[in-house]
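Data first, discussion second: the structure below is written as structure tokens.
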Amino acid sequence: MVGGFQNIFKIPELKKRILFTFGMLMVYRIGCAVPTPGIDADALATFFARARGTLLGLFDMFSGGALERLSVFALGIMPYISASIILQLLTVVIPHLDRLSKEGESGRKKITQYTRYGTVILSIIQGFGISIGLETMTTPGGAAVVADPGWSFRFMTVLTLTAGTAFIMWLGEQITERGIGNGISLIIFAGIVARMPSAIGNTFRLMRTGEMAAFLALVLVALMVVVVAVIIFVERGQRRIPVQYAKRIVGRRMYGGQATHLPLKINTAGVIPPIFASSIIMFPATVANFIKVPWMQSVAEAMAPGGIIYNLVYVGFIIFFCYFYTAVTFNPVDVADNMKKYGGYIPGIRPGKRTADYIDRVLTRITFGGAIYVSAVCVLPTLLISRFNVPFYFGGTALLIVVGVAIDTISQMESHMLARHYEGFMKKGGGIKGRY
């Protein structure tokens, strides 16, 4: 593996792409430190100390701490992700979008353009909501977060946050086009990993003060390694359905007759289910921070992370969204029709509806296993926090994102090296396979 990393610098194009990616990520991290005008930073930090376990804490994780400081990148890339998911879901119900998705490169560019428009619209809405919410925020000591509330502050906040999100979106597209890896995923990755040094420092502080035993810290490190290994194993796992293509005669030549397979991922939905589940389950706690209503406070307490009700509801939402998102993004009928069109069939299964039913049955079974795996990874941090009172830095969603993005990026780097007749990172085992 060391030799594989040394080969990176022997390929000028790959070296240039990696340096460009690091440069763009540095620009992103610098922007996360530029504050939005009109905010009392100390009062805002005090408020966010009480907002852990809410939607604000979740969004702050994806923005790399930019929301806690309310920097110009406070909205992060979440509006873009939300717009992408909305467009993907609308593709199923709107015929025009469905046609665009099947038109190849031109259709993809059109959908990307719609996604950009949706990102700007969502950023304006979220920016205005944040500006209104900031004006109502006060610390336990009574200090106001906004020094001079009013429409001038709201307009400036909306303009700043929307421009910041648009710039992040542009950075992500530049990284995807001229760098290495998926730009949007790498920006989220950088935001999560950037908080690791403070988490490690906090852990050592707890060990020095005696609040955490050294043995417990070693157990957590070992558990972390095991969880990462399980995630890598499952994310690369596939259920390969054998497919045979019949021989076809075109002119004087005979084509086809080869045997291949249809790969079905165990976790087809990726990190979308825990993101959706976290957003829904944290909504009562977020509202309770702004609206002091007794019954809302009771609901927020019942849904506190670590409780039995929280874990049961969380797992239920994850399983539901695993099946829902898989059904939206993978259509067995279309796959079966394409196989039939090109003369492909599954041995022992009749082409057409029987093939679609078979693929759907296999996909349903492996999706259940993938949903249980995602649930276990996401619930584990809450159990550690509630039972052992440890500062478990990587939440389940964050850990899935970090490991998945790392696998994809290394896979792309390896493909560049193999294309230029260099050895990959792994000399045995066929190399590293990404999720896509």
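The values are calculated or read from the model by the stated rules, or taken from the named source; none is laboratory data. Since we're looking at a predicted model, the values are computed, not measured. Don't worry about glycine lacking a Cβ; one is built from the backbone with ideal geometry, like all the others, and counts go over all protein chains shown.
Go over the candidates I318, I359, I407 one by one and state the one that is modelled with pLDDT under 85 and assigned to a helix (DSSP H, G or I).
Within the list I318, I359, I407, the selection yields I407.
Scan the helices (runs of 4 or more DSSP H) fully inside the stretch 85-180 and keep the ones with 2 or more residues being within 18 Å of L44 (Cα to Cα).
105-136, 151-178
Pairs needed: first member in the stretch 311-333, farther than 11 Å from T268 by Cβ; second member anywhere, surrounded by fewer than 18 Cβ atoms within 10 Å (Cβ to Cβ); C-beta distance under 7 Å; at least 6 residues apart or different chains.
Hits for this filter: F317/I280; P332/D360.
If you check G306 against the conditions, is it assigned to a helix (DSSP H, G or I) and either modelled with pLDDT of 80 or more or more than 30 Å from Q258 (Cα to Cα) (or both)?
Details: assigned to a helix (DSSP H, G or I): no; either modelled with pLDDT of 80 or more or more than 30 Å from Q258 (Cα to Cα) (or both): yes.
Against the criterion (assigned to a helix (DSSP H, G or I) and either modelled with pLDDT of 80 or more or more than 30 Å from Q258 (Cα to Cα) (or both)), G306 does not qualify.
Which of the residues that make up the stretch 217-229 are over 27 Å from the mean Cα position of the chain (by Cα) and within 17 Å of G201 (Cβ to Cβ)?
Within the stretch 217-229, A217 is the sole residue that qualifies.
Restricting to the stretch 102-126, and then to whatever is of a type in the set (G, A, S) and modelled with pLDDT of 85 or more, can you tell me which residue is surrounded by the most Cβ atoms within 10 Å (Cβ to Cβ)? Break it down into steps so the answer makes sense when it comes.
Of all residues in the stretch 102-126, those of a type in the set (G, A, S) come to 104, 106-107, 118, 123.
So of that shortlist, the ones also modelled with pLDDT of 85 or more come out as 118, 123.
On the way: G118: 19, S123: 25.
The residue in question is S123.
Which residue is nearest to G164 (Cα to Cα), if the candidates are limited to the stretch 71-91 and must be in contact with a Leu (Cβ under 7 Å, 6 or more places away or on another chain) and among the polar types (S, T, N, Q)?
S82
Just for the stretch 83-133: of the residues that are hydrophobic (A, V, I, L, M, F, W, C) and touching a residue at least 40 places away in the same chain (Cβ under 8 Å), which one is farthest from V146 (Cα to Cα)?
For the stretch 83-133, the residue satisfying everything is V92.
Of everything in the stretch 321-360, what is closer than 17 Å to T91 by Cβ and among the hydroxyl-bearing types (S, T, Y)? Give them in sequence order.
Y325, T326, T329
Scan the stretch 209-262 for residues that are closer than 30 Å to D360 by Cβ and either of a type outside the set (D, E, K, R) or modelled with pLDDT of 80 or more (or both) and report the count.
Of the residues in the stretch 209-262, 25 are closer than 30 Å to D360 by Cβ and either of a type outside the set (D, E, K, R) or modelled with pLDDT of 80 or more (or both).
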